[in-house]
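Student: After the structure tokens below, expect a handful of questions from me.
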Amino acid sequence: MHHRANALSPVPSNSLFIRERDFGGEAVALDAAPSAVRVELLGGARTIAVTVVPAEVELATASLTGASRAAALRDLDAALGAPDTALLLYVALQRARIWRRAAVVSAEPSLAPLQLPPLAHGGLRAAPLDATMHRLFLACDEAGRALLAGRFVAEAAACLSRHAEAFAGNAWCRAVHAGRLAREQYVAALANTHQYVRYTPRLLARAISVCDDEPLRDHFTRHFRGEQKHDRLIEADLRYLEADVEFVLRAMAPWGPTLTFMSVQESMVAFHGDLTGFLAAPFVAEGLAARVGPLVLDDLADNVRRWGYREPARATRFLVSHVREDGGDDGHWNATLAVLARLLRDDTTQQRFLAVLHLAADAFTASYDAYADYLTLFTPPLLADP
């Protein structure tokens, strides 16, 4: 069944305030682990609210096949057809989108504004999350959409924050912290990184050449200037570690997970011409460097010393430079945030950006898992090993 996009009442233009709390009354950050959250909208005729919860922990939906990929809505406290209901529900489902849920489900007739078709299960109704959120966004008036768009960068940052937790626990980082990273596993990371870092200025140059948006073109130009010869830092690190630099430069093919990350950004700029989507790759790489990099550098230096190299700083120039340049209030990542705040202004653009973000982050994490897992043959034994 097709639904009219304007089936919901528009959001009023008056000032509204959003509050998101757990059932103890404490504020819940957007990047918090999935749990029941009460979302309140204040400032209209009265406070209205709804609860969003992971479907697998909700009694009415826990037994559903695929519950772990859905979010449930319940306890809607709003008059049926209230003009700001669409905004409230969109805000609640933003949290479900951060949880990477693909469907929304509810047992409550009061949630009829969502236009959820019935499921053949216990009076439940459900729909794909993307189409539902799109209809809700269109049901808001200009002021409501502006309020929602003002949350898009925070939503993207929350998605990346959850990816950073996963990245910090990848096989490569675990080996670093345990003092069991092999030289070959670190060389693999540097060598594969070189495969795409050497192309970054060229991709940025292409973006500059096709960009008609002057502020965005200026951002790419500044980034282009800051990315010059970073591949040379990797080469210097590799030479200090006595790796085969000529192989890396002339003959090496990137490993599959690395090639996936490369393909994401290359396709965005070279095939699709989607410069907002193109920003997702540096958003991921720089964001993870800024968040996770400082946590591994000291332990990485200890691993380098264990391999017999007395000057770890000579083996970590590339990583150290990116932790420094990508992090901080004036780092590359925060500069990208400022640009995205202007570009992410509608639901379709946001959904596409988040899809590219997740694709890039999954590939980036998988690549570091591969640098360790593909080469476990070189992992040093524990002292207790025979």
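The values are calculated or read from the model by the stated rules, or taken from the named source; none is laboratory data. The structure displayed is predicted, hence computed values, not measured ones. Don't worry about glycine lacking a Cβ; one is built from the backbone with ideal geometry, like all the others, and counts go over all protein chains shown.
Student: For residues that are more than 18 Å from Pro380 (Cβ to Cβ) and among the hydrophobic types (A, V, I, L, M, F, W, C), scanning just the range 313-324, find the one that is surrounded by the fewest Cβ atoms within 10 Å (Cβ to Cβ). Before you say what the answer is, go through the steps one by one.
Tutor: Let us first name the residues in the range 313-324 that are more than 18 Å from Pro380 (Cβ to Cβ), namely 313-314, 316-324.
Adding the requirement that they be among the hydrophobic types (A, V, I, L, M, F, W, C) leaves 313, 318-320, 323.
Numbers: Ala313: 12, Phe318: 22, Leu319: 21, Val320: 19, Val323: 21.
Only one residue fits best here, namely Ala313.
Student: It is to be established whether one or more residues within the range 98-117 are modelled with pLDDT of 95 or more, assigned by TED's automatic domain parsing to the domain that holds Ile48, more than 17 Å from the chain's Cα centre (by Cα) and not small (Gly, Ala, Ser).
Tutor: Within the range 98-117, one or more residues are modelled with pLDDT of 95 or more, assigned by TED's automatic domain parsing to the domain that holds Ile48, more than 17 Å from the chain's Cα centre (by Cα) and not small (Gly, Ala, Ser).
Student: Something else now. When the residues of the range 206-229 are narrowed to those that are in a helix (DSSP H, G or I) and of a type in the set (S, T, N, Q), which ends up farthest from Leu340 (Cα to Cα)?
Tutor: If we filter the range 206-229 for residues that are in a helix (DSSP H, G or I), which is where we start, we get 206-210, 214-226.
Imposing the further condition that a residue be of a type in the set (S, T, N, Q) reduces the set to 209, 221.
Values: Ser209: 19, Thr221: 16 Å.
Among them, the one singled out is Ser209.
Student: Now for a separate question. Which is under 20 Å from Leu238 (Cβ atoms) and either of a type in the set (Gly, Ala, Ser) or assigned to a helix (DSSP H, G or I) (or both), of Asp302, Asp298, Asp362? Talk me through it step by step, then tell me what you get.
Tutor: Numbers: Asp298 fails: under 20 Å from Leu238 (Cβ atoms); Asp362 fails: under 20 Å from Leu238 (Cβ atoms).
Exactly one residue qualifies, and that residue is Asp302.
Student: Still on this model: Considering only the range 29-43, state which residues are under 23 Å from the mean Cα position of the chain (by Cα) and surrounded by fewer than 19 Cβ atoms within 10 Å (Cβ to Cβ). Before you say what the answer is, go through the steps one by one.
Tutor: Keep residues of the range 29-43 that are under 23 Å from the mean Cα position of the chain (by Cα), which gives 29-37, 39.
Those that are under 23 Å from the mean Cα position of the chain (by Cα) and surrounded by fewer than 19 Cβ atoms within 10 Å (Cβ to Cβ): Ala29, Leu30, Asp31, Ala32, Ala33, Ser35, Ala36.
Student: Would you mention how many residues in the range 248-287 are farther than 24 Å from Glu214 by Cβ, surrounded by fewer than 24 Cβ atoms within 10 Å (Cβ to Cβ) and under 13 Å from the mean Cα position of the chain (by Cα)?
Tutor: 1
Student: State all residues of the range 1-28 that are part of a loop (DSSP other than H, G, I, E, B), surrounded by 14 or more Cβ atoms within 10 Å (Cβ to Cβ) and modelled with pLDDT of 95 or more; if no residue qualifies, say none.
Tutor: Scanning the range 1-28 gives a single hit, Val28.
Student: Follow-up question, since we're still on this one. Can you confirm whether the range 88-98 contains a residue that is surrounded by fewer than 21 Cβ atoms within 10 Å (Cβ to Cβ), under 18 Å from Arg125 (Cα atoms) and in contact with a Leu (Cβ under 9 Å, 6 or more places away or on another chain)?
Tutor: No, there is no match, as no residue in the range 88-98 is surrounded by fewer than 21 Cβ atoms within 10 Å (Cβ to Cβ), under 18 Å from Arg125 (Cα atoms) and in contact with a Leu (Cβ under 9 Å, 6 or more places away or on another chain).
Student: Does Pro54 satisfy the condition of being buried (at least 16 other Cβ atoms within 10 Å of the Cβ), in contact with a Pro (Cβ under 6 Å, 6 or more places away or on another chain) and modelled with pLDDT of 95 or more?
Tutor: Yes: the conditions hold for Pro54.
Student: With (1) of a type in the set (Asp, Glu); (2) buried (at least 20 other Cβ atoms within 10 Å of the Cβ); (3) without any contact (Cβ under 8 Å) to a residue 24 or more places away in the chain as the list, and Asp347 as the residue in question, which single condition is left unmet?
Tutor: Only one criterion is unmet by Asp347, namely (3).
Student: Looking at Arg310, Arg291 in this structure, which one is surrounded by fewer than 22 Cβ atoms within 10 Å (Cβ to Cβ), of a type in the set (Lys, Arg), at pLDDT 95 or above and in the same structural domain as His358 (by TED's automatic domain parsing)? Don't jump to the end; show me each part of the working.
Tutor: Details: Arg291 fails: at pLDDT 95 or above.
The unique qualifying residue is Arg310.
Student: Which of the following residues is basic (Lys, Arg), surrounded by fewer than 16 Cβ atoms within 10 Å (Cβ to Cβ) and in the same structural domain as Arg21 (by TED's automatic domain parsing): Arg74, Arg46? Full working, then the answer.
Tutor: Working: Arg74 fails: surrounded by fewer than 16 Cβ atoms within 10 Å (Cβ to Cβ).
Being basic (Lys, Arg), surrounded by fewer than 16 Cβ atoms within 10 Å (Cβ to Cβ) and in the same structural domain as Arg21 (by TED's automatic domain parsing) holds for just one of Arg74, Arg46, which is Arg46.
Student: Residue check: is Arg198 in contact (Cβ under 8 Å) with a residue 24 or more places away in the chain, in contact with a helix residue (DSSP H, G or I) (Cβ under 6 Å, 6 or more places away or on another chain) and not hydrophobic (A, V, I, L, M, F, W, C)?
Tutor: Answer is yes for this residue.
Student: If you don't mind, another one. Working carefully through the options Ala205, Ala178, find the one that is among the small types (Gly, Ala, Ser), surrounded by fewer than 20 Cβ atoms within 10 Å (Cβ to Cβ), touching a Phe, Trp or Tyr at 6+ places or on another chain (Cβ under 8 Å) and free of Cβ contacts under 8 Å to residues at least 24 places away in the same chain.
Tutor: Details: Ala178 fails: touching a Phe, Trp or Tyr at 6+ places or on another chain (Cβ under 8 Å).
Only one candidate qualifies: Ala205.
Student: Those residues that are more than 17 Å from Ala280 (Cβ to Cβ) and in contact (Cβ under 8 Å) with a residue 40 or more places away in the chain, I need them from the range 211-230; list them, please. Lay out the reasoning, then the answer.
Tutor: Of all residues in the range 211-230, those more than 17 Å from Ala280 (Cβ to Cβ) come to 212, 214-215, 217-218, 221-222, 224-226, 228-230.
Hits for the range 211-230 are Pro215, Arg222, Gly226, His230.
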